[in-house]
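Participant: Input: one structure, supplied below.
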Amino acid sequence: MVFCGKPSKGCSNCRTRRIKCDQLDPACSQCLRASKKCPGYRDQLALMFRDENEKVLTKVLTNSRDLAKRNQSKSRKNSGDESVSSSSRSTSVARSPALPIGLLRFSISPALAAPLQDEGIRFFFTHYVTSGSRPLSGEVDFARGSPPWTLLSVDPSFNNAVSSVGFAGLSNVTKDPEHTIAARKKYAASLRDITIALKDTSTSDLDATFKSVMLLAAFEIVNGNSQSNGGSWGVHIDGAAAILKLIISRKPQGLPATRLQMMFVLSVCFKALSRGEQVPSSVHDWTRSVRNSMDAIDSHATVLADIMIRCVNFLSTIKNAALVDSITIYLEAVDCDAELQDWDAQLPEEWRHKSIPTNDTSDFIYEGQIHVYDDLWRARIYTNYRWMRIMLCQVLLEHQANLAMLAADETVQRKDSLRTISELAHDICTSISSQLTRFDDVENVRKQVPPMSGVFLLLLPISVAGSAMGVPESMYLWSIRMLENIGNTMGVYQALAMIPLVKMQREKWNSVDGGFNMPSRGNIWISDALITSLSSI
């Protein structure tokens with residue numbers, strides 16, 4: 001992993017003696033009392049990103065040797081079988097059929113096309129990026145000088161990080177150990193470059209380093225490692241947060257936040273919710289401070305982030321049982337839901353979508369309808385509004401049943417909450433197609449999309465919609481099929497890891513009180529690796 005937690009800030013003398021260091025400048029009090037020379041304090045940022053290349057490379061070399069032994073064994077077996085032709089012997093150790101990548105179509109200079117020689121990068125852009133006309137068919141169309149392509153050509157860490165994610169997905173699809181080894185080698189190379197960059201942050205491109213770390217977080221999602229190894233996705237998010245804090249501290253006061261940074265704030269929220277933690281107050285303060293500096297239309301995202309932080313802090317207290325009183329929980333959920341409704345009511349037309357029918361029968365089309373958005377980044381942001389309201393409505397349904405004073409209105413309120421859940425879950429499912437591809441036959445739509453946008457962002461909304469209280473069986477089954485499709489054909493194993501959780505949550509709704517009781521520690525919340533900030537890299 002890249003991020004290694006918060007290291008001790010004390011001097012080496014105090015760490016050796018295992019005593020608390022007050023970190024005074026120029027020498028700590030403990031060293032002064034012991035009449036010792038205080039050696040000073042460590043570079044915190046550099047320590048947070050320890051170089052674990054040796055461990056990663058050891059795995060790579062071990063797997064390389066295992067692969068060589070298997071190939072030698074297969075070769076000896078084939079050579080002893082006279083009935084097997086030379087051509088069939090050569091195919092007996094060939095790679096498994098890969099997912100058709102198709103012909104790539106790029107509007108870039110030959111110099112920028114060089115990264116496409118990397119099989120992992122090709123897979124990444126043809127399966128995890130929503131740009132161009134039809135990415136699902138394997139075609140991608142980028143404008144000349146597009147930021148991700150420029151960065152691929154000039155920043156080795158970013159290049160290796162993109163390649164590692166692509167090779168990881170390709171390995172999951174083809175089951176080819178050579179792809180697995182390539183993914184780990186690229187991961188180790190990117191980690192090495194990140195470590196070097198953080199040794200001297202004054203000369204490093206911290207924006208590129210931040211994006212590289214986020215891509216390594218995506219690597220964990222593709223491999224389905226969000227819960228193993230101590231929650232790899234979460235610790236990468238912590239590491240990226242440390243870099244982002246440094247980036248912000250170096251920028252002039254009042255400089256507007258980027259779209260990537262706003263998406264990252266939401267990633268911090270999801271991590272906090274998954275662990276039952278409060279969102280750091282520094283993140284909350286920064287979100288409010290940049291509201292007036294952003295584009296007037298985009299600034300609505302900062303308002304939603306502010307509300308989301310409050311909602312996450314509230315839901316986290318329920319998750320860890322710090323808040324158990326039904327009256328308090330009910331009233332707080334009502335307030336949070338009202339804030340979200342007000343936010344939606346004040347959105348300008350640029351945030352709205354068009355819902356149009358389609359004859360397309362593709363698996364990712366839900367009930368013959370698609371949503372068309374002017375701007376995919378805003379569509380991503382808006383999806384968070386939907387699933388958060390679903391969770392709040394489920395909290396309302398659980399706790400209003402415990403309040404005798406609301407018995408007279410319970411039926412009306414329950415119907416209202418279930419209707420809201422059904423409508424929002426339906427909108428999530430209908431919007432998925434537009435977030436996987438772009439429809440060129442829709443008039444008067446700008447079709448603005450982020451330079452890079454990951455399918456990873458769709459896993460949590462699909463899971464929440466499919467497992468939501470009261471949704472029809474057809475929606476639940478469609479959500480399962482979508483997760484299977486993303487996991488098996490795109491190689492994102494975290495999607496497959498989500499399926500048992502969705503089924504478990506669905507069974508709980510159907511087994512208790514007619515499906516209208518919500519466990520306060522719903523297992524759907526443990527899926528912490530479902531949203532990353534790749535949509536605006």
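Just so you know, all these numbers are worked out from the coordinates, no wet-lab data involved. Everything numeric in this text was worked out from a predicted model, so none of it was measured. Please note: Cβ atoms are built from the backbone with ideal geometry, for glycine as well, and neighbour counts cover all protein chains shown.
Participant: Can you give the extra length, in nm with one decimal, that the chain gains between Glu423 and Asp205 once fully stretched, where that is 0.36 nm per residue apart less the Cα-Cα distance?
Facilitator: Values: separation 218, 0.36 × 218 = 78.48 nm, distance 4.41 nm.
Result for the pair: 74.1 nm of gain on full extension.
Participant: Still on this model: May I ask you to compute the full-extension gain from Ala27 to Asp416, defined as 0.36 nm times their residue separation minus their alpha-carbon distance, rounded to one decimal in nm? It would help to have the intermediate numbers written out before the result.
Facilitator: Numbers: separation 389, 0.36 × 389 = 140.04 nm, distance 6.32 nm.
My answer for the length gained is 133.7 nm.
Participant: For a 30 Å ceiling on Cα separation, which of these pairs sit above it: Lys9/Lys251; Lys199/Lys271; Lys37/Lys199; Lys20/Lys199? Don't jump to the answer; show the numbers that get you there.
Facilitator: Values: Lys9/Lys251 25 Å; Lys199/Lys271 27 Å; Lys37/Lys199 25 Å; Lys20/Lys199 26 Å.
Violating the 30 Å Cα-Cα cut-off are zero pairs.
Participant: Full extension from Met504 to Ser289: what is 0.36 nm times the residue separation minus their Cα-Cα distance, to one decimal in nm? If you can, show how the numbers build up before the last one.
Facilitator: Values: separation 215, 0.36 × 215 = 77.40 nm, distance 4.06 nm.
Full extension of this stretch gives 73.3 nm more.
Participant: Using the beta-carbon distance between Glu178 and Lys245 and R0 = 45 Å, what value does 1/(1 + (r/R0)^6) give for FRET efficiency, to the nearest 0.05? Before the final figure, lay out the partial values.
Facilitator: Numbers: r = 39 Å, r/R0 = 0.86.
Result of the calculation: an efficiency of 0.70.
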